[in-house]
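Colleague: To start, I am sharing the structure in question, which I have written as C-alpha cells.
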Amino acid sequence: MRIAGLIIGIISLCALSCKRNNTPPDIIQPDEMGKILFDISMAEEFVNSYITKDSSRNREAEIQREYQKVFLLHKVTEAEFRKSYAFYNSHPVIFKTLMDSLDARGQRARNKLYRNQVE
C-alpha cells in the first residue's frame, strides 16, 4: 500500500514538474515574447542612437513607429503585446525567466559581434 502511494506521488510530481509552460493560449508564448522584447530593445537603441540625433524628429513618435515595425514583423498587434506583457509582468517568476533569457540572448549577440570585430 505504501509503495502504491509512493508511486502515485512520484507520478504526480513528475506530471507537475513536466508541465513546462503554463502560459495561457491567448498570451504570446515565452519564446516568441522574448524575441519581440529583444527586437523592441534593439529598436529603442536604434532610435536613441541614430534617429534622435536629428533634433527635428520626435523621439516618442519615432519609437512608436519602430514598435509598429516590430509588431508587424512578429505578426502581433499592439493590444496582444500589451496583454501579454501585463501577464508576464504580473507573474514575477515567469517574467524573471523571460528577462534572464533575453539578457543571455543579448550577451550572445554581443559576444558574436566582438568575435567578428577581432577576426
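Colleague: Tyr50 is checked against (1) modelled with pLDDT of 90 or more; (2) under 20 Å from Ala109 (Cβ atoms) and fails just one. What number does that condition carry?
Modeller: Answer for Tyr50: the failing condition is (1).
Colleague: Within the range 37-46, is even one residue crowded, with 16+ Cβ neighbours inside 10 Å, modelled with pLDDT of 85 or more and within 21 Å of Pro25 (Cα to Cα)?
Modeller: yes
Colleague: Also, quick follow-up: Can you find a residue that is on the phi < 0 side of the Ramachandran plot, over 17 Å from the mean Cα position of the chain (by Cα) and of a type in the set (D, E, K, R) anywhere in the range 94-110?
Modeller: yes
The values are calculated or read from the model by the stated rules, or taken from the named source; none is laboratory data. What you see is a predicted model, and the numbers here were worked out from it, not measured in a lab. Methodologically, a virtual Cβ is constructed for each residue, glycine included, from the backbone with ideal geometry; neighbour enumeration extends over all protein chains shown.
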